[in-house]
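J.: Got a structure for you, questions after.
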Amino acid sequence: MSYKIGLVGKPSVGKSTFFNAATMNDVPEGSYPFTTIDPSIGEAYARVECAAPEFDESCTPSVGFCEEGTRYVPTKLVDVAGLIPGAHEGKGLGNQFLTDLNEADVLVHVVDFSGKTDIEGEPTEGHDPRDDIDFLENELDMWYLEILEKGIERFRSGYAGEEKHIEEDLAEQMSAFKTNKDEIKQVILSLGLDLDPETWEDEDRQELAREIRKRTKPMVIAANKMDTPAAQANYEEITSDPEYEHLTVIPASAHAEKALKNAAEQGVIDYDAGDSDFEITGDVSEEQEGGLAQIREFTNEFDGTGVQRALEAALFDELDLIAVFPGSANGSASEKGVFRDCFLLPGGSTAEDFAYHLHSDIGDGFLHGIDCRSKRQIGSSSELDHRSVVEIVSTSQ
């Protein structure tokens, strides 16, 4: 499967610039609301240290690419439009916004940390970025709460005399959020609630909706426009605020990332996405050299522009994914090439899970796996590590 990152944020915070910088697509950018109307879908990448050099091989990727031992594994990035106050009530592009948002596995919330756009996305000064963070979480929580309430009503309206389990009705009602009855039950009990909604207060239902949302729509904050003093001051204040300890906040400058990638495409600099530095390799004007010097100062201080880091934090930290390479224990290569694939799997995946990921027939015929580094046989329940190289032995091969 290909994981999908949803890029969200109020209008005019640089969300489309972030999307273009990450994907090098060309969606409209502008400092006014609803520059983007329909969701744009592009291909972004997660960096993984390639396993091929350990086997004295050069990889031949079937998708993505490899640069100097760094594998760029594709993932989908969706620029979701329509976030304004009241989106959960259908205001603005609210209904379409929620529909598009629900397709995402994880969210990157682009926030203007410079404080120069208000809650509606209009120009202002001194706006507190915390208001934007709170506003998105509240919109999502209210959306989840509305669906949770429908699940409770479903439970109440069951046939008299039948055995009822609230977690089953809630899971059925909230199935679009990719949850299940076991997870719902675990959340209910973790909050110290009884498995009887009649005992729940309004605050209990709100807390339950919020906790389910946090588990099924994890989020990273991209603190955009961090190349301004005001943004850096806001970043220091917010990251030291205990109210926001539950969030991963990545300092970012989408404008800087796009400028570097454009310069690299033109042969002016040598730069790879996510690098903290670059080398000027072409002729530049005095003005361009000054601009690049300012960007370098930022990337050196914050270990890159933050665009790549935000995407990888979403995939590897929030979703807890691991990268797995199909390999060959005897080092032989197929006619199609060497180390062609690198897959992203949920953390805790086993050798058998990997077999089914490759193909259902391979999973059905699974015999064992081989750890290609140690050349040891591994069983179906053996958990894989990040960057495992595994050969699957199956009766279907």
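The values are calculated or read from the model by the stated rules, or taken from the named source; none is laboratory data. Everything numeric in this text was worked out from a predicted model, so none of it was measured. Cβ coordinates were reconstructed from backbone atoms using ideal geometry, including for glycine residues, and neighbour counts include every protein chain displayed. With ligands, DNA and RNA removed, areas are computed over all heavy atoms of the protein, side chains included. Shrake-Rupley method; radii C 1.70, N 1.55, O 1.52, S 1.80 Å.
J.: Can you compute the modelled spin-label distance between Ser360 and Lys164, with each label point 7 Å from Cα toward Cβ, in nm?
T.: Rounded to a tenth, the inter-label distance reads 3.6 nm.
J.: Calculate the spin-label point distance for Leu247 paired with Lys178, positioning each point 7 Å from the Cα along the beta-carbon direction, and give it in nanometres.
T.: Inter-label distance under the simple model: 2.2 nm.
J.: To the nearest 20 Debye, how big is the dipole of the chain about its Cα centre, given +1 on the beta carbon of each Lys and Arg and -1 on that of each Asp and Glu? If you can, show how the numbers build up before the last one.
T.: Details: 33 positive and 81 negative charges, 237 e Å.
With only Lys, Arg, Asp and Glu charged at Cβ, the dipole is about 1140 debye.
J.: At 1.4 Å probe size, with the rest of the protein present, what percent of the exposed accessible area of region 209-325 is carbon and sulfur atoms? The partial results should precede the final answer.
T.: Details: 2090 of 5260 Å².
Answer for region 209-325 is 40 percent, counting heavy atoms of protein chains only.
J.: What does the charge count near Ser380 come to, summing +1 for each Lys or Arg and -1 for each Asp or Glu among other residues with Cβ under 13 Å from its Cβ? Please list the in-between numbers first.
T.: On the way: positive: none; negative: Glu352, Asp353, Asp364, Glu383.
Once all neighbours under 13 Å are counted, the net charge is -4.
J.: Would you mind checking the radius of gyration and Dmax of region 142-266 based on alpha-carbon positions, in Å?
T.: In Å, with Rg to one decimal and Dmax whole: 20.9, 72.
J.: Give me the net charge of Lys4's neighbourhood, meaning all other residues with Cβ under 14 Å from the Cβ of Lys4; Lys, Arg count +1, Asp, Glu -1.
T.: Working: positive: Lys76, Lys178, Lys217; negative: Glu43, Asp79, Asp100, Glu103, Asp105, Glu318.
Net local charge, Lys4 excluded: -3.
J.: Given Cα pairs under 8 Å that are at least 6 residues apart, what percent is the relative contact order of region 159-221? Walk me through the numbers before you get to the answer.
T.: Values: 36 pairs, mean separation 18.4, N = 63.
Once divided by the residue count of region 159-221, the mean separation gives 29 percent.
J.: Here's something else I'd like to know. If I take every Cα pair under 8 Å that is 6 or more residues apart in region 268-397, average their sequence separation and divide by the length, what percent do I get for the relative contact order? All intermediate terms of the calculation are to be shown ahead of the outcome.
T.: Values: 201 pairs, mean separation 27.7, N = 130.
This gives 21 percent for region 268-397.
J.: Here's a follow-up. Under a Cβ-Cβ cut-off of 9 Å, what is the net charge of the residues other than Ala21 that fall near it, where Lys and Arg count +1 and Asp and Glu count -1? If you can, show how the numbers build up before the last one.
T.: Working: positive: Lys258, Lys261; negative: Glu257.
So the environment of Ala21 carries a net charge of +1.
J.: In terms of the ratio Rg/(2.2 N^0.38 Å) built on C-alpha atoms, what value belongs to the chain?
T.: Working: Rg = 23.5 Å, N = 397, 2.2 N^0.38 = 21.4 Å.
Taking the Cα Rg and dividing by 2.2 N^0.38 Å, one obtains 1.10.
J.: What does the highest-first list of 203-213, 44-54, 116-126 look like by mean Cβ count within 10 Å? Let's see the in-between values first.
T.: Numbers: 203-213: 18.0, 44-54: 19.8, 116-126: 15.5.
My ranking of the peptides, most packed first, is 44-54, 203-213, 116-126.
J.: Let me ask you something else. Hey, what do the phi angles of region 43-59 turn into as Karplus ³J(HN,Hα) couplings, whole Hz, using 6.51/-1.76/1.60 and θ = phi - 60°, x for Gly and Pro?
T.: Per-residue couplings from phi come out as 9, 10, 9, 10, 7, 9, 5, 5, 8, 4, x, 5, 10, 6, 10, 10, 6 Hz.
J.: With an 8 Å Cα cut-off and a minimum separation of 6 or more residues, compute the relative contact order for the chain in percent. If you can, show how the numbers build up before the last one.
T.: Working: 759 pairs, mean separation 63.9, N = 397.
Relative contact order for the chain comes out at 16 percent.
J.: Here's something else I'd like to know. List the residues, sorted by chain then number, that are 5 or more residues from Ile322 or on another chain and whose placed amide H is less than 5 Å from its amide H.
T.: Leu345, Gly347
J.: Using a Förster distance of 45 angstrom, determine the FRET efficiency expected from the C-beta separation of Leu189 and Glu68, and round it to 0.05. Working shown, then result.
T.: Values: r = 49 Å, r/R0 = 1.09.
Taking R0 as 45 Å, the efficiency between Leu189 and Glu68 is 0.40.
J.: Where does the chain land at 222 nm, in deg cm²/dmol rounded to the nearest 500, when only DSSP H runs of n ≥ 4 count, each adding -39500 (n - 2.57), divided by all residues?
T.: -10500 deg cm²/dmol
J.: Check which residues have an amide H placed less than 5 Å from Gly327's amide H, if you skip close sequence neighbours.
T.: Val390, Glu391, Ile392
J.: Further, regarding this structure: Treat each spin label as a single point 7 Å out from the Cα along the C-beta direction, and report the Gln288 to Ser157 distance in nm.
T.: Taking the two extended label points, one gets 6.5 nm.
J.: List, in order, the whole-Hz ³J(HN,Hα) value for each residue of region 73-80 obtained from phi through the Karplus relation with A = 6.51, B = -1.76, C = 1.60 and θ = phi - 60°; use x for Gly and Pro.
T.: Karplus values, whole Hz, x for Gly and Pro: 8, x, 9, 8, 10, 10, 8, 8.
J.: So, by mean Cβ neighbours within 10 angstrom, what's the order for 143-149, 175-181, 10-16, 346-352 with the highest one leading? Provide the component values of the computation, followed by the final result.
T.: On the way: 143-149: 18.4, 175-181: 14.4, 10-16: 25.3, 346-352: 16.9.
Descending packing order for the listed peptides: 10-16, 143-149, 346-352, 175-181.
J.: Efficiency by 1/(1 + (r/R0)^6): what FRET value for Arg376 and Arg215, r their Cβ-Cβ distance, R0 = 51 Å, to the nearest 0.05?
T.: Numbers: r = 35 Å, r/R0 = 0.69.
So the FRET efficiency works out to roughly 0.90.
J.: Going toward the positive end of the dipole of the chain, with +1 on Lys and Arg Cβ and -1 on Asp and Glu Cβ, which of Cys342, Ser40, Val13 do you reach last?
T.: Checking the options against the dipole of the chain, the answer is Cys342.
J.: Mind ranking 273-281, 71-79 by how tightly packed they are, going by the mean number of other C-beta atoms within 10 angstrom, highest first?
T.: Working: 273-281: 15.4, 71-79: 22.0.
Going from most to least packed, we get 71-79, 273-281.
J.: Using a ≥ b ≥ c from the Cα gyration tensor of region 216-346 (square roots of the eigenvalues), is it rounded, prolate or oblate, where a/c under 1.5 gives rounded and otherwise the larger of a/b and b/c decides, a/b for prolate? Before the final figure, lay out each step's value.
T.: Values: a/c = 3.57, a/b = 1.21, b/c = 2.95.
Judged from the Cα gyration tensor, region 216-346 comes out oblate (a/c at least 1.5, b/c at or above a/b).
J.: Another one. How long is the gain from Glu265 to Glu125 if the chain were fully straight, where each residue apart is worth 0.36 nm and the alpha carbon distance is subtracted? Display every interim value, and only then the final one.
T.: Working: separation 140, 0.36 × 140 = 50.40 nm, distance 3.50 nm.
Full-extension gain reported as 46.9 nm.
J.: Right, here's the next one. Convert 37 °C to kelvin, take the viscosity as 0.692 mPa s, use the Kirkwood radius over C-alpha pairs of region 334-386 as Rh, and evaluate the Stokes-Einstein diffusion coefficient in µm²/s, rounded to a whole number.
T.: 276 µm²/s
J.: Starting from the amide H of Ser382, placed 1.01 Å from N in the peptide plane, find each other amide H under 5 Å away whose residue is 5 or more places distant or on another chain.
T.: Ala351, Glu352
J.: Using the Kyte-Doolittle scale, which helices in the chain average at least -1.0 and also have C-alpha atoms spread 27 Å or more along the helix axis, with helices defined as whole DSSP H runs? Intermediate values should be presented prior to the final figure.
T.: Numbers: long enough: 129-156 (41 Å, -0.73).
Membrane-span-like by this rule: 129-156.
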